[in-house]
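**Q** Pasting a structure here, questions to come.
The values are calculated or read from the model by the stated rules, or taken from the named source; none is laboratory data. What you are looking at is a predicted structure, and each value in this text was computed from that prediction instead of being measured. Cβ placement follows ideal geometry from the backbone for every residue including glycine, while neighbour counts extend to all protein chains displayed. The area values use the complete protein model at the heavy-atom level, side chains included, leaving out ligands, DNA and RNA. Shrake-Rupley method; radii C 1.70, N 1.55, O 1.52, S 1.80 Å.
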Amino acid sequence: MTEKIYEDPEIGPVHIRKNPRARRLSLRVNASRRVTLTLPWIVPYRTGLQFFLSRRDWVLETLGRMPERAAVPAEEIERLRLLAKATLPARLEALALQHGFTYNSVRIKNNASNWGSCSVRGNINLNLRLASLPPQLQDYVMLHELCHLRYLNHGPEFHALLEQVCPGHRALEKQLRTHAALLARG
């Protein structure tokens, strides 16, 4: 993946990335207010920049609706990190054993845009803010990531497996969205 940065006078840096797996142009503003444009490998950067400029008003509107990230004191981050490290890995291991999943490693991270992730190598990352969620939402996120060990996508097979190990997962996903503001807290 290669990247160039376009400095917009009002928006700031716009990260323009070429990804060989991308099939279409994708413009995103994440919870930390980072603007990223992903291009298929064959699309010239010039075309990507034109695409961004044609949708610049949408980016400004989106940024305008987003709250500024509130600075979280380092002590609070450290408290959450300690709590997460003390509770989440053991719960992940218990869920993996219960449902027959095997993963390589687990890491606790301070991510701004996701609750967890799973790599192709079977490594699971969990957001330290997960420790502040209710137990059923913690379990949902961990089961979601464990299901990615078998399906690295969000296709029908993935959702069927997730429903099997976490009945009613769609309702839990909706509940999790109500906690999205926690992710935006820096």
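**Q** Filter the stretch 87-128 down to the residues that are more than 19 Å from Glu173 (Cβ to Cβ), part of a strand (DSSP E or B) and not polar (S, T, N, Q) and list them by number.
**A** Within the stretch 87-128, Val106, Arg107, Ile108, Lys109 qualify.
**Q** Which residue pairs have Cβ atoms under 9 Å apart, sit 6 or more places apart or on different chains, and have a first residue in the stretch 138-155 that is of a type in the set (Lys, Arg) and a second that is open to solvent by less than 10 Å² (accessible area, probe 1.4 Å)?
**A** Pairs found: Arg150/Phe158.
**Q** Now for a separate question. Which condition number does Asn104 fail, the rest of (1) at pLDDT 90 or above; (2) open to solvent by less than 40 Å² (accessible area, probe 1.4 Å) being met?
**A** (2)
**Q** Among the listed residues Asn125, Asn111, which satisfies the condition of being touching a residue at least 60 places away in the same chain (Cβ under 8 Å), closer than 20 Å to Ala31 by Cα, open to solvent by less than 60 Å² (accessible area, probe 1.4 Å) and of a type in the set (S, T, N, Q)?
**A** Asn111
**Q** Taking into account only those residues within the stretch 12-48 that are among the small types (Gly, Ala, Ser), assigned to a loop (DSSP other than H, G, I, E, B) and surrounded by fewer than 17 Cβ atoms within 10 Å (Cβ to Cβ), which is nearest to the chain's Cα centre (by Cα)?
**A** Among those that are among the small types (Gly, Ala, Ser), assigned to a loop (DSSP other than H, G, I, E, B) and surrounded by fewer than 17 Cβ atoms within 10 Å (Cβ to Cβ), it is Ser32.
**Q** Only residues that are at pLDDT below 90, surrounded by 11 or more Cβ atoms within 10 Å (Cβ to Cβ) and in a helix (DSSP H, G or I): list them for the stretch 58-75, please.
**A** Of the stretch 58-75, the ones at pLDDT below 90 are 62-75.
Among the residues that remain, those that are also surrounded by 11 or more Cβ atoms within 10 Å (Cβ to Cβ) are: 62-63, 66, 69, 72.
Within the stretch 58-75, Thr62, Leu63 meet the criteria.
**Q** Run down Leu83, Leu183 and say which single residue is in a helix (DSSP H, G or I), open to solvent by less than 80 Å² (accessible area, probe 1.4 Å) and at pLDDT 95 or above.
**A** Numbers: Leu183 fails: at pLDDT 95 or above.
Checking each option against the conditions leaves just Leu83.
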